[in-house]
1. Report Rg(Cα)/(2.2 N^0.38 Å) for segment 219-338, keeping two decimals.
2. How compact is the chain by the rule of thumb for globular proteins, expressed as Cα Rg over 2.2 N^0.38 Å?
3. Please compute the contact order of segment 161-237 in relative form: average sequence separation of alpha-carbon pairs under 8 Å and at least six residues apart, divided by the residue count, as a percent.
4. Based on DSSP H runs of at least 4 residues, each adding -39500 (n - 2.57), what is the mean residue ellipticity at 222 nm of the chain after dividing by all its residues, to the nearest 500 deg cm²/dmol?
5. So if the hydrodynamic radius of segment 129-217 is defined as the Kirkwood radius over C-alpha pairs, what does Stokes-Einstein give as its diffusion coefficient at 10 °C and 1.306 mPa s, in µm² per second?
6. How far, in degrees from 0 to 90, does helix 3-15 lean away from the longest principal axis of the Cα atoms of the chain, to the nearest 10?
7. Give the peptides 100-107, 54-61 in descending order of average Cβ contacts within 10 Å, highest first.
8. Where the eigenvalues come from the Cα gyration tensor of segment 52-206, what are the semi-axes √(5λ) of the equivalent ellipsoid, largest first, in whole Å?
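Every read-out reported here was derived from the displayed coordinates using simple, explicitly stated rules and does not represent laboratory data. These numbers were taken from a predicted model, which means no experiment stands behind them. Please note: Cβ atoms are built from the backbone with ideal geometry, for glycine as well, and neighbour counts cover all protein chains shown.
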Amino acid sequence: MAAGGSALLVLLALAVVPAAGGQGSVIFWQGQTPPDYAGFAVAVGQTLEIPLDAVGPSGSNVTIDVTPRPRGAVLDQTSTAPARAVLRWTPTVAQAGDYILYVSAYAGRASAPELTVYVHVSREPGGPRFGLSSLTGRSRNATLVRSVAAYASPRRSARVVTRLRAVTPEQVPHVVYLVEGRIDPESKRYWIRIRLPILPNGSTGWIPREAVEEFRSVDTHVVINRARFRISLLKRGRPIFSSIVGVGMSRWPTPAGIFYIRERLTGFTDPIYGRLAFGTNGRSPVLTDWPGGGFIGIHGTNQPQILPGRVSHGCVRMRNADIRRLDRLMPIGTPVTIR
């Protein structure tokens with residue numbers, strides 16, 4: 001056979017290779033069907049349309065389905081052999097937020113590889129880039145499902161800023177704070193910018209949306225005033241808790257900046273940490289008494305008489321009774337401002 005004929009056979013073979021994870025499937029996605037982990041952005045009041053095309057064995061009738069289907073979303077399937085459908089949805093104000101949809105196609109016992117599709121619904125029209133958190137409103141966080149590289153910009157060819165493990169140094173699930181999102185109009189890849197647990201403080205990086213679980217939302221905000229030795233917890237901008245604290249000494253200062261509560265820890269063998277501690281993503285460039293070194297924590301103390309004041313190696317110390325009260329009011333993922 002001529003070289004051109006060989007190339008044609010290769011192209012035909014590639015055309016019927018199923019998506020990743022689809023070995024053994026006899027139904028294939030085709031046409032304008034978005035890739036797995038595709039992302040879409042739509043504003044309230046605008047109509048989102050997602051075309052879906054699938055083909056099965058000759059003559060088979062293929063059914064396409066989308067679950068969970070948001071309220072008001074309609075799946076219009078116009079044919080079954082081959083299968084063609086369009087998901088149409090005009091979200092309302094109450095539906096602003098992020099959604100995970102699962103797209104399937106089946107005919108009897110045969111099925112196509114399930115696709116995961118992300119949809120971000122914003123309150124106002126905008127471009128492919130959108131905010132996910134606000135210190136004065138709601139903040140979003142999520143748990144990593146796997147280790148992942150964080151990039152300097154939302155593309156895989158960008159410089160790797162750092163690599164994140166699925167668990168923290170204290171071996172608990174790694175929660176990340178979501179700053180903003182971006183959906184590439186061409187590739188449909190959904191990227192999220194997160195706060196990183198590295199120096200210099202304030203560093204951020206981009207990771208793919210599929211690296212985290214469903215988004216969670218909090219409406220709390222911790223403010224620590226180093227000059228007044230006070231910690232305050234705000235809920236929707238209103239103070240609901242306040243107490244005295246100890247902060248870092250002048251040679252081991254508690255760093256200023258915007259951080260977040262990354263983890264909750266108990267069971268310390270050293271009474272200096274009290275009975276409860278919260279770990280942040282903040283790092284001390286000098287020294288800290290946080291286990292493992294480097295991270296700024298908010299924890300109890302077995303020396304309440306030294307509070308308030310500059311008494312630590314960088315961590316924020318609280319009376320045990322106060323941090324237990326804070327624990328009842330402050331969820332993981334809460335942003336922290338240190339002034």
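1. Numbers: Rg = 12.7 Å, N = 120, 2.2 N^0.38 = 13.6 Å.
So segment 219-338 has a normalised radius of gyration of 0.93.
2. Values: Rg = 24.9 Å, N = 339, 2.2 N^0.38 = 20.1 Å.
Dividing the Cα Rg of the chain by 2.2 N^0.38 Å gives 1.24.
3. On the way: 85 pairs, mean separation 12.4, N = 77.
Answer for segment 161-237 is 16 percent.
4. Taken over the chain, the calculation gives -2000 deg cm²/dmol.
5. Numbers: Rh = 13.2 Å.
Result for D is 120 µm²/s.
6. 60
7. Values: 100-107: 19.1, 54-61: 15.5.
Ranking the peptides 100-107, 54-61 by packing returns 100-107, 54-61.
8. Working: eigenvalues 248, 77, 41 Å².
Listed largest to smallest, the semi-axes of segment 52-206 are 35, 20, 14 Å.
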